[in-house]
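Below: the structure, in structure tokens.
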Amino acid sequence: MNFIKIARIAAVAGFFTISLNISTSIVASSEEHASIIVKEAWARARTGKAKVGGAYMIVHNRGREDDRLISVRSNIAERTEIHTTNMTDGVMKMLRLKEGVDVKAGGTIMLEPGSYHVMLLGLKEPVIEGKKFPVTLVFKKAGEIEVMVFVKKAGAMGTMDHSKMKHKKMN
Amino acid sequence: MNKIFAYAIALLVLVGLTATVLIVTGVIPSANKSSRSGIISGAPQIGGEFSLVNNKGKSVTEKDFQGKMMLVFFGYTFCPDVCPTEMQTFSQVMTELGVDAEEVIPVFITVDPARDTVEVMDEFVAAFHPSIVGLTGSEEQIIHVKKQYRAYGQKVEGEDKEYYLVDHTSFTYLMGKDGQLATVFSYGTTTDEMIKKIRELL
Ligand SMILES: [Cu+2]
């Protein structure tokens with residue numbers, strides 16, 4: 001029992017050390033992201049007076065190690081943060097996740113309405129349906145990944161309404 | 001060792017569940033003000049008179065909605081996540097109701113009147129459905145209508161002065177034509193369920 005545990009920890013530690021070396025080279029070699037795939041990035045159109053917005057996407061870790069989305073960046077807003085929405089006792093709360101979000105090896109994180117989202121605070125330009133804008137995701141191991149966010153209707157619930165969903169920027 | 005741990009967890013879960021049941025049934029008052037659990041237990045006296053300003057800048061009261069059903073949601077336009085979702089639901093309900101939509105007025109009441117001016121509200125509701133009425137008002141008017149509906153809306157105090165977040169009730173109230181509460185929909189109620197309930201009251 002204990003032996004297996006120790007072996008497992010050793011294995012994880014080993015992977016981690018190896019990955020540190022690999023991930024630096026991944027970042028260096030620009031956009032070939034070995035482990036993390038981000039797809040179907042979209043946002044809801046916001047009116048001209050809206051100062052905040054949200055973006056959604058699917059983050060998949062096809063690597064063998066756990067990773068973590070530690071921060072997000074964009075030029076469209078003054079501040080870009082990782083948020084989640086929690087419901088307690090019938091009350092909706094939006095929370096900033098300062099520590100980011102874990103993306104387990106083989107796991108998928110859905111950024112979707114009512115849950116995790118990229119929060120855009122202080123929009124510098126209106127988010128208009130049909131347009132697109134880039135957002136950079138920063139992962140602890142996989143480094144930086146830039147994705148194109150496609151703007152849908154103000155009340156869109158996902159990318160499922162056909163079209164555009166294949167136009168994701170992967171590499 | 002493991003067994004003791006398991007028992008400890010089981011005990012914790014049990015204590016938690018008991019507390020939850022007691023809070024929901026009202027034996028123990030919830031720490032977060034009684035207004036929230038009051039809605040769940042279906043207390044009467046939700047709704048009633050209010051005085052607010054609609055998204056065209058006109059002063060309105062509950063009398064302006066008399067004879068119609070009202071779908072009421074409390075939120076704020078700076079909310080990019082939950083509020084647009086609910087407005088989308090309203091929009092779909094209104095579209096799918098067809099001619100029956102004439103009997104219903106969907107209403108979005110802000111819990112953030114400081115930022116949600118008439119113009120901001122107008123733009124926001126118009127992005128979803130022309131029938132949605134956005135209501136704002138003075139700080140006092142909003143406090144009053146929240147009290148009337150036992151709704152919750154509290155600014156999150158933090159370092160962020162401009163882009164502060166607001167916690168708010170996630171329910172949608174369906175008010176009957178008599179102005180009385182017909183039912184409360186929890187967040188995530190499908191459009192089909194809402195339409196079904198509305199048609200029962202036609
Ligand atoms: Cu947010």
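The values are calculated or read from the model by the stated rules, or taken from the named source; none is laboratory data. Worth saying up front: this structure is predicted, and the values here are computed from it rather than measured. As a convention, Cβ positions derive from the backbone with ideal geometry for all residues, glycine included, and neighbour counts pool all protein chains shown. The protein model used for the area step is the full one, side chains on, heavy atoms only, and it has no ligands, DNA or RNA in it. Shrake-Rupley method; radii C 1.70, N 1.55, O 1.52, S 1.80 Å.
If you go through the stretch A:89-116 and pick out every residue that is within 16 Å of the ligand (Cβ to nearest atom), within 26 Å of residue B:173 (Cβ to Cβ) and of a type outside the set (D, E, K, R), you end up with 7.
Provide a single number: the residues in the stretch B:131-152 that are under 30 Å from residue B:100 (Cβ atoms), touching a residue at least 60 places away in the same chain (Cβ under 8 Å) and not polar (S, T, N, Q). Count: 9.
Just one of (1) away from chain A (no Cβ under 14 Å); (2) open to solvent by 50 Å² or more (accessible area, probe 1.4 Å) fails for residue B:182. It is (2). Of the residues that make up the stretch B:127-136, is at least one modelled with pLDDT under 95 and among the small types (Gly, Ala, Ser)? Yes.
Of all residues in the stretch B:130-171, those satisfying the criterion of being within 8 Å of chain A (Cβ to nearest Cβ) and crowded, with 18+ Cβ neighbours inside 10 Å are B:152, B:163, B:165, B:167, B:168, B:169, B:170, B:171. Annotation: of all residues in the stretch B:55-75 being more than 10 Å from chain A (Cβ to nearest Cβ) and within 26 Å of residue B:188 (Cα to Cα), the one that is most open to solvent (accessible area, probe 1.4 Å) is B:68. Scanning the stretch A:48-88 for residues that are of a type in the set (A, V, I, L, M) and open to solvent by 50 Å² or more (accessible area, probe 1.4 Å), we see that the one that is nearest to the ligand (Cβ to nearest atom) is A:87. Just one of (1) away from every other protein chain (no Cβ under 14 Å); (2) of a type outside the set (Gly, Ala, Ser); (3) touching a residue at least 60 places away in the same chain (Cβ under 8 Å) fails for residue A:132. It is (3).
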